[in-house]
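Below: the structure, in structure tokens.
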Amino acid sequence: MKVYDALNQVSEALQQCEFHARDYYVQDANYPAVDGTDAFSRAMKERAKHIENLVAFKQYNLEQVMHLRSQ
């Protein structure tokens, strides 16, 4: 359960992290839009992907712990 608890802490920290477009607008001058998306939109997609992977890993870890406890 230590891993699961640690993953919960990471999830909470990630949710509390400020994520604002003002931190990305300067990148648009150096990196032109790709597929019509600006730097902030790309960062949001990347963040969503990491959150999705974290949730999937938490679920995997929980399933493993439950399986081990049922032995």
Can you report the number of residues in the range 9-27 which are of a type outside the set (D, E, K, R), within 16 Å of the chain's Cα centre (by Cα) and exposed (fewer than 12 other Cβ atoms within 10 Å of the Cβ)?
6
With respect to residue 71, determine if the residue is modelled with pLDDT under 90, loosely packed, with under 12 Cβ neighbours inside 10 Å and of a type outside the set (D, E, K, R).
yes
Quick one: is residue 15 modelled with pLDDT under 85 and of a type in the set (S, T, N, Q)?
yes
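The values are calculated or read from the model by the stated rules, or taken from the named source; none is laboratory data. What you see is a predicted model, and the numbers here were worked out from it, not measured in a lab. Using ideal geometry, Cβ is built from the backbone for each residue, glycine included, and neighbour counts are taken over all protein chains shown.
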